1. Give the residue, chosen from B:407, B:462, that is closer than 30 Å to residue B:388 by Cα, among the polar types (S, T, N, Q) and either more than 14 Å from chain A (Cβ to nearest Cβ) or free of Cβ contacts under 8 Å to residues at least 60 places away in the same chain (or both).
2. What about residue B:545, is it touching a Phe, Trp or Tyr at 6+ places or on another chain (Cβ under 7 Å) and either away from every other protein chain (no Cβ under 14 Å) or more than 26 Å from residue B:618 (Cα to Cα) (or both)?
3. Could you tell me whether region B:376-384 includes any residue that is within 37 Å of the chain's Cα centre (by Cα) and at positive phi?
4. State which residue pairs qualify: first residue among the acidic types (Asp, Glu) and inside region B:209-222, second residue part of a strand (DSSP E or B) and crowded, with 23+ Cβ neighbours inside 10 Å in any location, beta carbons under 6 Å apart, and separation of 6 or more residues or different chains.
5. Considering only residues that are outside any loop (DSSP other than H, G, I, E, B) and among the aromatic types (Phe, Trp, Tyr), look in region B:764-785 and name the one that is nearest to residue B:799 (Cα to Cα).
6. Go through region B:505-523 and give me each residue that's over 28 Å from the mean Cα position of the chain (by Cα) and more than 12 Å from chain A (Cβ to nearest Cβ).
7. Out of everything in region B:703-762 that is at pLDDT below 90 and of a type in the set (Phe, Trp, Tyr), what residue ends up being nearest to residue B:811 (Cα to Cα)?
8. Could you list all residues from region B:209-231 that are over 18 Å from residue B:26 (Cβ atoms) and in contact with an Asp or Glu (Cβ under 9 Å, 6 or more places away or on another chain)?
Amino acid sequence: MRGGPLCQFLCLWLCLSCVEAVPMQKIQDDTKVLIKTIITRINGISHMQSVSKYMVTGLDFLPGFQSVLGLSMMNELLETYQKILINLPSRNLMQISNDMENLQHLLQLLASSKGCHFHQAEGLQSLKGSILEASLYSTEVVVLNGLKAFLQTMLRQLEFNPEC
Amino acid sequence: MTCQKFFVALLHWAEFIYVITAFNFSYPITPWRFKLFCMPPNTTHDVVLPPGISKNTSDLNGQYEAAVEAKFNSSGTYFSNFSSKPTVHCCFWSEEDKNCSVHADNIEGKEVVSTVNSAVFQQIGANWNIQCWMKEDLKLFICYMESLFKNSVKNYDLKVHLLYVMPEVLEESPLVPQKGSFQLVQCNCSVHECYECRVPVPTAKLNYTLFMYLKITSAGVIFQSPLMSVQPINIVKPDPPLDLRMEITDSGHLKISWSSPTLLPFQLQYQVKYSENSTTNMRETDEIVSATSLLVGSVLPGSSYEVQVRGKRLDGPGVWSDWSSPLIFTTQDVIYFPPKILTTVGSNVSFHCIYKNENKIVSSKKIVWWMNLAEKIPQSQYNVVGDHVSKVTFPNVNATKPRGKFTYDAVYCCNEHECHHRYAELYVIDVNINISCETDGYLTKMTCRWSTNTIQSLVGSTLQMRYHRSSLYCADVPSIHPTSEPKDCNLQRDGFYECVFQPIFLFSGYTMWIGINHSLGSLASPPMCVVPDSVVKPLPPPSVKAEITVKIGLLKISWEKPIFPENNLQFQIRYGLSGKEVQWKIHEVYDAKSRSASLPVPDLCTVYAAQVRCKRLDGQGYWSNWSSPAYTVVMDVKVPVRGPEFWRMIDENTTKKERNVTLLWKPLMKNDSLCSVRRYVVKHHTSRNGTWSEDVGNHTKFTFLWTEQAHTITVLAVNSIGASLANFNLTFSWPMSKVNIVQSLSAYPLNSSCMILSWTLSPSDYNLMYFILEWKILNEDNEIKWLRIPSSVKKYYIHDHFIPIEKYQFSLYPIFTEGVGKPKTINSFTQDDIEKRQNDSGLYVLVPIIISSSTLLLGTLLISHQRMKKLFWEDVPNPKNCSWAQGLNFQKPETFEHLFIKHTESVTFGPLLLEPETISEDISVDTSWKTKDEKAPTAMVSLLLTTPDLEKGSICITDQCNSADFSEAESTKITCEDESRREPSVKYATLLSSSKSIEIDEEQGLINSSVSKCFSDRNSLSKDSFSNSSWEIETQAFFMLSDQHPNIISPHLTFSEGLDKLLKLEGNFLEENNDEKSVYYLGVTSIKKRESDVFLTDESSVLCPFPAHCLFTGYRILQDSCSHLVENTFNLGTSGQKTFVSYLPQFQTCSTQTQKIMENKMCDLTV
C-alpha cells in the first residue's frame, strides 16, 4: 500500500525527466488545446448534441466542483472522471479516455513546475456495476455533461494561472 | 506393586529407546549410485526368483547363515512384519562401505537390523543398482533401480514399491516415522528390468528429511530394503547444459560455451570433456570450470573437435547431470572467424583468417584479401594478428547489393596468388527505414507508413514494426526501449506498409522502429519518435464559397474552420478561371481568425473556381487536402464600363437637308458591360429639340433622320445595375463635314489578313477626338467595316480577311468634338504594292523559263565548244614557235596563271601587244565608270535594306522610270566561258563592245565596288599583271549593268516579307508624303559549277532563288545589246578554284549582237 504513491512519484519523475526540455508555455498551450479537443469530442457525440437540463437523480457518484479550482482539485476530478470513463463500455469514450490520460499528465507536469504535489485520489467507491448495467445511457450522458462542464471551468481557470 | 509398575514402565521406556535407536540407523542416500543386496530366508528350496536374485543362493546358504549368525541380534525393529509372506533380508552397499545393513524378521515378528560383510551379498542373493536424485525443477524426487544380473530369468510377477514419508516440520534430527505414516508409490518399469519411482516433493520441503524404503515383491517373496533417508536439496541433478557451441575467437583460440539452467537456486560447476583430432595432434582434456565457457587453445585448420559438458552443484552436495550431446566442430583448411557477419550500413567489421596450404599454415604476412573474387582489398586494411592469423577490416561498410540469390559479399582470404574456394560472408543491411506518420483530421487515428522497396539489402529478412509509447512527448534522442510492443502493418499496393494506431494518445510520444530478423541475427532501424499532435493533417475547410462582390468587383472566397484541430490555422486559397486545366493562383491567409478573403481578378464576368486548404499556423503537421471547389456565378457586377462604339451609315439618296442616318455599334463585351447588357439607349441632342432618348433594346442598329445643322448622338449601355457612365458621342454637322485635315492616306498590305494604313494630317483648330477608319471592297455593296482609332495614331494595322485580287476602298474620317470631318479616301493599294504583286506573279512564270533556257544554253555552249576546238586547233600555229612561249609546256600547264606569269617573266607585256594579232576589236571606256571609285564598298543586301535613298538606288520611283529602264537596256554584254581543266590549257576570250555608252548609275558603282571588294584578289592580279588601262576597263566592264536591272543581290522576298522589310523603313517612307517608290529585285540564278552564270533580263525584277552559297561564285551578265565581250573568270568564295586570266593572241573574238538573253552566242574573231 505504501508503494503506490512512491510508484506514482517515480512515474512522474520519469515523465518529467523525459520532457524537461519542453517549454512551459507549450505545455500550457497543449493543455488548453487538449481540453478544447475533449469538449469538441463530447459535443460531437450524437446523443450529446441535444441534452435537456433536467436533473437526473440516482447518480450521486459524480463529483461536484466549485467554480474556482486549484490544480490539485483539477487533478482529483480528472482522475475521478477518468475512472468513471474507463468503466463505461462505450467505444466513443475510448479516445476521450486516452485524451483524459494525456490531460492528466499535462496537468501534473504543469503543477510540478509550480512545486505542487498531488495526492492520489481516493478510489471510486460508489460507482456500482448495477447502476452501469441498468442505466448505461443515463450514466454516459450525465457523466459526459458533467465532464464537459468541468473541462470548461478548468479551461477558464487555466487562463488565470491557478495555484496548487 | 509399585516396583512392578516401575519395572513395567522402565521396560516400555527401554523398548521406546530401542525403536528410536533402530530408526536412527536409516541409510543415508548418497548422491552417487549404490547397490541393494537381498538374501532369501534360511530355506534352500528352489523357488522361482525374481530378476536380480542369483541362482546359487542355496549353494552359499551355509556361508550366509554363518555370517548372519555371527552378528545376529545386533539390531532389530518391530514394524517389518506387515505380511505373512516370507521376507528377505537386504542390505545396501556403496563404494564407500564394505559392510551391508541387513534387515531380518525375528521369531517374534519383529525385524532386526544387522550388519554383515557385503562381500557375502555380492556372491549370493538378488542385487540392484539404485540411484536417487532430485530433478532440476525441484519438484520431483526420482529413484531409479536397475537389476545387476542380466540373466534370463523370467520376470515373474515382479512389483516394486517405494514407501516414503516427509515430516511436516523441519527438524535437525527427525524421528523415525510411524509405520502407518509411510506413503506407497508404485515404481514403473520404464525400460527392461529397470524401475523408476517418482515422489513429488514440495518446493518448500527441499531441506526436509525424506524417509523411505523399497519393497520388491516377486513370486511370493518380499525383498525389503533398509530404511533410507535423504534431504532432496542435496541430491539435485541438473539437466545437461544447453546450447553448446564452439567458436573461434579473434585471437584464434577455440572457445567452447554453453548456457546454464536458469531454474536452479544455486550455482553450478561444469565438467568439459574435449578432444581434438588433427593431422598433427591428438589430445583429450577433461576440465572442471565454474564459468559457462572455456578456451581450449589455438585452433588448427583441418581439425576436428568434439566436446561434451555436464553440470553439478558448485557449493554443496549434488548429482552430476547427464552429459550433453556431443558437439563436433570441424575446421576447414581455411578458417574464417567469424565465418559470417551481419551488420548495418556505416559500421566497421573485421574478418580473421588462418590459411593452411598443403599441410602447412601460411604465414599471415603472405595472406591477401579479395572481395567477391573481383576486387582486391587494399593492404592498408590488413592487420597481422599473429604468425598465422590475418585480419582485414572494412570501415564504414555500404549495403550489400544482392547478386541474384547471393545476398552477401564473399570475402576471400588468399595465399598470395591463389585463393581457397571457401569464403566468409558479409551481410551489410541498410536499416535506414524511414517511417512517416500522419494523424487524421478527427484526431483519432495515426497512420504510419514505411517502405523497404528501395532497400535491396533487406531481401530475405523479415520485418516487424515495434513501438514504445511514453506518457508525454518524445525524448530529445529517441532510443529503442527494452519494453516494446509489436505493431501489425499491412502491405499496400504501392509497396508501403501501413500501420494504424487507433485510438491514439494525442500528446504521447510514440517511438517506433523496424525490427529486422535475419538468419544471422536481428537488427533494428534507427528509432524515430512521433507525437500524434504534431503530424495532424486537418480536414479541409468546410463551406467554401466563392462570389464576385457586387459594386466592388472582387473575388470573395469564404470558408469555415474545420472542427479539428483546436490550434490556430493558416489557410491557403487557390483560384483560377474555371475550365479543364485551371491555371491556379495562390493566396496565403495567415490570420487564424480570418474566414474570408477578397481578391482582385482581371475578368469579373467569368466563372472562377476556388479551393481552400489549411494547416497549423505554427507549421507543424501537414496541409489538409484542398476543399471541394466553389464556383462563382456570372452576374452583373457594376454598370457598364462604357457605352458602345458606334458609327453611322448615311443614306446618300436622300436630300441634302434630311438624311437617314443609320447608327451601327458593336455589342459590348462582357469586360465592358460587367457583365451583361439588357438594352441600349440612344440619346439625341439638337440645338432645337434639346435632348431625348430612345430605347433600342438589344438591337445594335438604329436609324434616325438628320435634319438639323448639328445632331449629337450618344449611345448608352444599360445592365441590371444601371447605365454606362462613359459613352461616345458623335455629332453630325454640315459645316464640319467639309473640314479636311487628312492630307494623305496610304495602305500597305502585310499579308492577306493584315493591312497597314498610314496618314498625314494638316494642322487644324478643331478638337480632334478620334478617327473612324472605314473600308470596304470597291464596287461592291457589301457591308462596310469600321474602326475607331485614337487621334494620336499616325498608322494603324487592320486585321481583316483581305482578298488580294480585290481592290478596297479605305476612308479615314476625323471625328471632332464639333462633328465628323471630311474623310480621306483611297480606292486601292499603292502602286508599289501592285507592281510587287505583278512581279511576284511573274516570278512563277519566269523561273521555269530561265531554268529551261539555262539548260539549253549550256548544251549549246558545250556543242559549240567542241566544234570550235576541233575547228581551230587545225589552224593554230605551234605556240612553241612563238618567242613568248619558249620554254613553256602547253601540254601540261600547271595553271593559266603560271602560263601567263612565265610569259611576263620572259617577255614584257608591251611587246606582246605589238604582236601582229589583234587583241580586241573595240575597247570602250565609259565615263560613268569613273564614279565607281567614289562609292562606298557597301554590301548590296544591306544597301537595299538600309539605305534611305532608295530612289537613288535600286528602287525606281515612277512609271516613267520603268519604261526608260527597258528602253535603255543596251549595255555591255559580258560572256564568260571556261573550259574544263582537263582540256588543253587554251582559253577563248570574246570581248564584245557595246555600241552605246552606258548610263551607269550609282548603284552599279556600288555593286561594282562591292563585288570588287570581294574580288580583290582578282583585281589586284589584274592590276599587277597589266599596265594597260584597257584591261582595267575590261575588268570593270563585267559589272556594267542597266539601270532597269537593279542588280541588287538580295534574299528572296515574298509578298509579305518584302513589305516586312519595307515596314522597317516606314519611319522614312510613311512620312514622305506620296513619294511612291518602286522596289526592284535582282534576278539571279546560280549554277553549281565552278563558274556560274547570272542572267539579268528585262524581267529581272522577277525574284529568283538565290542561295547564299551561290553568291558571287561566278557571273555571266547579259544584256540586250552586247558590244564587248570580256572574258572574265572569277573564282570566288569558297570554291577553292584559282583565278586566272587566259590570253592567247592567236584567238580573237568578234562581237555578236544578241537580241535576247536566251540567245547568247559566242563568236570567234577568226570566224
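The values are calculated or read from the model by the stated rules, or taken from the named source; none is laboratory data. Keep in mind that what you see is a predicted model, and the values were worked out from it rather than measured. Positions of Cβ are generated from backbone atoms using ideal geometry, with glycine treated the same way; all protein chains shown enter the neighbour counts.
1. B:407
2. Values: touching a Phe, Trp or Tyr at 6+ places or on another chain (Cβ under 7 Å): no; either away from every other protein chain (no Cβ under 14 Å) or more than 26 Å from residue B:618 (Cα to Cα) (or both): yes.
For residue B:545, the condition - touching a Phe, Trp or Tyr at 6+ places or on another chain (Cβ under 7 Å) and either away from every other protein chain (no Cβ under 14 Å) or more than 26 Å from residue B:618 (Cα to Cα) (or both) - is not met.
3. no
4. none
5. We begin by selecting, within region B:764-785, every residue outside any loop (DSSP other than H, G, I, E, B); these are B:768-777, B:785.
This time we only want the ones that are among the aromatic types (Phe, Trp, Tyr), so: B:770-771, B:775.
Values: B:770: 19, B:771: 17, B:775: 12 Å.
This residue is B:775.
6. Once the filter is applied, which keeps residues that are over 28 Å from the mean Cα position of the chain (by Cα) and more than 12 Å from chain A (Cβ to nearest Cβ), region B:505-523 yields B:510, B:512, B:515, B:517, B:518, B:519, B:520, B:521, B:522, B:523.
7. B:748
8. Passing the criteria: B:217, B:218, B:219, B:220.
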